[in-house]
1. Mind grabbing the accessible area of SER33 for me, 1.4 Å probe, Å², rounded to tens?
2. Over the chain, what relative contact order in percent results from Cα pairs under 8 Å that are six or more residues apart?
3. Quantify, in whole percent, the carbon and sulfur part of the accessible surface of segment 1-88 (1.4 Å probe; protein heavy atoms only).
4. Over 17 Å, how big is the tail of the calculated P(r) for the chain, in percent of all Cα pairs?
5. Within 10 Å, at most 11 other Cβ atoms, and a DSSP state outside H, G, I, E, B define an exposed site. Report the longest part of the chain free of exposed trypsin sites (Lys or Arg not before Pro).
6. Okay, helix-only estimate at 222 nm for the chain: each DSSP H run of n ≥ 4 adds -39500 (n - 2.57), divide by all residues, round to 500 deg cm²/dmol; what do you get?
7. Kindly provide the GluC sites (Glu not before Pro) of segment 19-72 that DSSP labels as loop, not H, G, I, E or B, and whose Cβ sees at most 16 other Cβ atoms within 10 Å.
8. Along the Cα-to-Cβ line of GLU24, 7 Å from the Cα, sits a label point; which residues in segment 47-73 have backbone N less than 18 Å from it?
Amino acid sequence: MAENCIFCKIIGGEIPSNTIYEDEEFKVILDISPASKGHALILPKQHYANIYDLPEDLAAKAMILAKKLAGHMTEKLQCDGFNLVQNNGEVAGQTVFHFHLHLIPRYKEGDNRDLLIWNQLQYKEGETEELVKLLTL
Ligand code: 5GP
Ligand code: ZN
């Protein structure tokens, strides 16, 4: 448990939360300020600040759990779509520095349409080739 980490406190039961799933490695809670009805957060019980620190096996398990919950929540909430969101670093919008995966149900009716809409930029000539060279793994 990390000191002053709100999610560690929730996992430890020090701070109450609305839990919809729990196992040995994860707790899934409703977000306190939801982007849409049912917005939930997958929290690994061990403290890792972000995706860079998260061990691969937990990353894989988090995604499998996200798939399970996306299906379950879609059925129960009768939502029309679903976003998985995961922020790393302040510049990326992370505000709680304990890895978490957002589960965001989306609705045709009454949903905030531009919840996740960004400006679409354009590459300059040659830029994509440079990026492919740089990034090819
Ligand atoms: P981030 O911006 O770091 O990706 O997301 C942090 C999320 O945690 C936000 O959506 C915020 O509403 C949620 N959150 C922050 N504090 C609490 C809390 O005490 N309880 C719950 N359930 N959610 C929280
Ligand atoms: Zn923590």
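1. SER33 has an accessible surface of roughly 90 Å² with all protein chains in place.
2. Details: 175 pairs, mean separation 31.9, N = 137.
Reported relative contact order: 23 percent.
3. 51 percent
4. Tail of P(r) above 17 Å: 65 percent of Cα pairs.
5. Values: sites that count: LYS108, ARG113, LYS124.
The segment 1-107 is the longest one with no such site.
6. -8500 deg cm²/dmol
7. Numbers: sites: GLU22, GLU24, GLU25, GLU56; in loops: GLU24, GLU25.
Counting only loop positions with at most 16 other Cβ atoms within 10 Å, the GluC sites (Glu not before Pro) in segment 19-72 are GLU24, GLU25.
8. 47, 55-65
The values are calculated or read from the model by the stated rules, or taken from the named source; none is laboratory data. Note that the structure is a prediction, hence the values are computed from the model and not measured. Neighbour counts run over all protein chains shown; Cβ positions are idealised from the backbone, glycine included. Note: areas computed on protein heavy atoms with side chains; ligands, DNA, RNA excluded. Shrake-Rupley method; radii C 1.70, N 1.55, O 1.52, S 1.80 Å.
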